[in-house]
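What follows is a set of notes on a single structure, which appears directly below.
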Amino acid sequence: MFFYQPIQLKNGQKCILRNAEASDAVRHHAYFVQTHKETDFLLTYPDECTLDIISLERQLKETKCSGTDVEICAFVDGKLVGSAGNSLIRNCDKMRHRVEFGISILKGYWGLGIGDALTKSCIECAKNAGFLQLELEVVSENENAIRLYKKHGFVEYGRNPRGFLSRDGHWQELVLMRLELDVSAK
Ligand SMILES: CC(C)(COP(=O)(O)OP(=O)(O)OC[C@H]1O[C@@H](n2cnc3c(N)ncnc32)[C@H](O)[C@@H]1OP(=O)(O)O)[C@@H](O)C(=O)NCCC(=O)NCCS
């Protein structure tokens, strides 16, 4: 699904939102490692990016051509600073209306409006793809993310107290959130 949008950040800088491309694979990998080092709120650890560059190139290319999934990157001065995406949860008749959302921004670029813009863009893409429900799971201590999601209309529908088990042995509770795209999306 094609996406391109220039935006202005809260600090006045220009930012380009566009699809991740195969040619972004090397910097996307570096970005993945950095974002996953900077927070303990994401699903995986930095060393769990199992895709090599060739496979990542293929995946980004396939996603760009997909009618369901999307990966939108944010670039400031040509640097990849954020990424968000939607992926179909399961391709069967009873679940083809549900899509999962994920997002991360480099720490140095938090608070500038990139999360807002990427979330809005992914909601738009999910609607355009015909989905009826956008879903996500977020660590319950991740207050900034929860505030972002609520701002865009997501509502909590449950909690999983044993959602993540971190390497140091502690549980991370997950909040399950959803957004009905045919009625409530902004
Ligand atoms: C959560 C995250 C995506 C927010 O991105 P961001 O670019 O910093 O967010 P924005 O500047 O666009 O802010 C958008 C909204 O998010 C919420 N928010 C973000 N940072 C906040 C903060 N420090 N305090 C309070 N609310 C905050 C607010 O609702 C804000 O809207 P407002 O400015 O009108 O109050 C970013 O902090 C991040 O990547 N964190 C690490 C990865 C992660 O946790 N991903 C989500 C996993 S489920």
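Observations on the structure shown:
- Annotation: for a label point projected 7 angstrom from Cα along Cα→Cβ of residue 29, residues of the range 54-85 with backbone N closer than 17 Å are 54-62, 80.
- Entry note, the chain: relative contact order of 17 percent, from Cα contacts under 8 Å with a spacing of 6+ residues.
- Sorting 93, 182 on solvent-accessible area from highest to lowest, probe radius 1.4 Å, gives 93, 182.
- One chain, two ends: residue 93 and residue 11. Fully extended at 0.36 nm per residue, the span grows by 25.0 nm beyond their Cα-Cα distance.
- If R0 is taken as 22 Å, the Cβ-Cβ distance between residue 170 and residue 144 corresponds to a FRET efficiency of 0.65.
- Taking the 1.4 Å solvent-accessible surface of the range 4-135 as the whole, the part contributed by carbon and sulfur is 51%.
- Using C-alpha pairs under 8 Å with a sequence gap of at least 6, the mean separation divided by the residue count of the range 77-132 gives a relative contact order of 37 percent.
- Build a GNM of the chain with springs between Cα atoms under 10 Å apart, and of 20, 30, 84 the one that fluctuates most is 30.
- Solvent-accessible area per residue for the chain (1.4 angstrom probe, square angstrom): 55
- Entries of 10/127; 94/127; 94/151 with Cα pairs more than 24 Å apart: 10/127; 94/151
The values are calculated or read from the model by the stated rules, or taken from the named source; none is laboratory data. On a predicted model such as this, the values are computed, not experimentally measured, just so you know. Positions of Cβ are generated from backbone atoms using ideal geometry, with glycine treated the same way; all protein chains shown enter the neighbour counts. Surface accessibility is based on the protein's heavy atoms, side chains included, excluding ligands, DNA and RNA. Shrake-Rupley method; radii C 1.70, N 1.55, O 1.52, S 1.80 Å.
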